[in-house]
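The values are calculated or read from the model by the stated rules, or taken from the named source; none is laboratory data. The model shown is predicted, which means the values in this text are computed figures rather than measured ones. Note that we place each Cβ from the backbone using ideal geometry, even for glycine, and neighbour counts take in every protein chain shown.
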Amino acid sequence: MQKVGRILAHVCKDGGAPQAAAFLQSVVDQLAGGGGGGGGGGDRADQLQVDVSLHRNQFVLSAAQGGGGVLLRRPAFCPIKHLSVTEAAAVPLDVQRHGVDVGVAILLQSANHRVLLTRRAAGLRVFPGVWVPPGGHVEPDETLLAAGLRELQEETGLKLEPDDVCPQILGLWESVYPPMLSRGSPQRHHIVTYMLLHSPLTHLQLQAALRPSPAEVSSCLWLDVPLAAAVVSAVDGDDSAPITAQDLPTSLSVSDVGSDGALSVGELPLATLLSRAPAGGADVERVSTGTKFALELWLDTHTHAHTHAHTHTHTHTHSRGDRSSLMK
């Protein structure tokens with residue numbers, strides 16, 4: 001049952017009325033026609049194109065018809081996907097009744113094509129010490145953009161104006177915590193919208209304005225395209241996938257956040273960012289699987305934009321392009 005003050009994911013199938021997504025059912029499976037949850041199946045598709053809307057405080061997803069839509073993906077090791085009937089029955093009722101929450105995460109791209117990641121504070125209950133973009137829950141009566149800008153400011157101190165950022169939805173991620181059944185039964189279930197914002201400022205100009213909240217952020221890092229590509233190549237759940245990290249430094253400069261919020265220059269081993277989610281035991285410092293998904297989509301967008309600009313360089317020499325129509 002929906003509680004006051006929370007935005008929940010809803011599923012719309014076959015033209016019917018939207019129904020609140022069940023905690024113990026994968027949204028991907030519900031939209032693709034599978035039951036999801038309690039089946040233990042490992043061969044079902046992990047992504048599909050969806051249409052999405054946020055209306056009257058309901059985040060409604062439906063399978064895209066006739067092409068188009070936004071990509072919704074879950075990890076191959078999604079706990080809900082692999083939950084057995086016995087394991088599903090063991091999930092506490094108060095957790096089962098929670099529903100599927102809605103979040104937004106901001107991939108902030110600087111004018112010189114870098115994106116901001118933050119390391120979640122060690123004291124946070126969900127994904128502590130993991131590298132992610134700034135983001136959080138969508139509040140009642142907020143648009144996705146308003147929620148993203150609010151979370152960006154709360155976590156990093158960066159205050160950006162809606163008219164200055166050219167927003168674009170990259171994709172949706174079905175996130176469950178803990179991320180693997182080996183670490184316990186599911187406690188949180190989210191649909192996260194990854195939104196790309198194009199800032200007219202360079203990463204150094206944005207860096208000068210950073211005022212991270214030490215309660216939420218312990219470090220900050222700007223990724224360029226080669227580093228993002230290396231991170232994406234470290235596929236979670238597939239240790240055989242080769243990591244492409246040629247010509248990258250073995251350590252990276254980061255901005256560590258003190259208990260008083262002050263920033264200091266620190267070093268982070270490249271290997272940390274290239275760590276994969278361990279199949280068992282305690283989690284490790286790494287880039288979250290959902291973030292790798294978002295970076296993969298960002299790289300695709302970046303490559304497409306670069307190719308388009310190169311192709312039209314002679315006819316659009318003086319035009320920087322108008323991205324205002326990407327998302328209203």
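Flag: ASP256 matches the condition of being of a type in the set (Asp, Glu), in contact (Cβ under 8 Å) with a residue 24 or more places away in the chain and part of a strand (DSSP E or B). Taking only segment 106-129 into account, find how many residues are crowded, with 23+ Cβ neighbours inside 10 Å, farther than 12 Å from LEU295 by Cα and not basic (Lys, Arg). The number of residues fulfilling the criteria is 1. Per the conditions (1) among the aliphatic types (A, V, I, L, M); (2) under 30 Å from ASP94 (Cβ atoms); (3) out of contact with any Asp or Glu (no Cβ under 8 Å at 6 or more places or on another chain), the sole criterion not satisfied by LEU181 is (3).
Scanning segment 1-29 for residues that are at pLDDT 95 or above and either closer than 17 Å to VAL138 by Cα or not in a loop (DSSP other than H, G, I, E, B) (or both) yields ILE7, LEU8, ALA9, HIS10, VAL11, GLN19, ALA20, ALA21, VAL27, VAL28, ASP29.
With a requirement of 2 or more residues that are without any contact (Cβ under 8 Å) to a residue 60 or more places away in the chain and closer than 28 Å to GLU267 by Cα, the helices (runs of 4 or more DSSP H) lying completely within segment 65-176 that satisfy it span 144-156. Taken over segment 217-245, the criterion of being in contact with a Ser or Thr (Cβ under 8 Å, 6 or more places away or on another chain) and among the acidic types (Asp, Glu) is satisfied by ASP236 alone. Scanning segment 181-195 for residues that are of a type outside the set (Phe, Trp, Tyr) and not in a loop (DSSP other than H, G, I, E, B) yields LEU181, SER182, ARG183, ARG188, HIS189, HIS190, ILE191, VAL192, THR193, MET195.
Considering segment 196-229, and only residues there that are of a type in the set (Gly, Ala, Ser) and part of a strand (DSSP E or B), the residue that is nearest to VAL254 (Cα to Cα) turns out to be SER219. Every listed requirement among (1) part of a strand (DSSP E or B); (2) among the charged types (D, E, K, R); (3) under 22 Å from PRO79 (Cα atoms) is met by ASP236 save one, (1). GLY99 falls short on exactly one of the conditions (1) crowded, with 20+ Cβ neighbours inside 10 Å; (2) out of contact with any Gly (no Cβ under 6 Å at 6 or more places or on another chain); (3) not acidic (Asp, Glu), and that condition is (1). With respect to (1) buried (at least 17 other Cβ atoms within 10 Å of the Cβ); (2) under 17 Å from the mean Cα position of the chain (by Cα), the lone exception for CYS166 is condition (2).
Checked against the criteria, GLN187 does not count as at pLDDT 95 or above and within 22 Å of LEU297 (Cα to Cα).
Could you list, in sequence order, all residues of segment 50-64 that are without any contact (Cβ under 8 Å) to a residue 24 or more places away in the chain and crowded, with 17+ Cβ neighbours inside 10 Å? Result: ALA64, single match.
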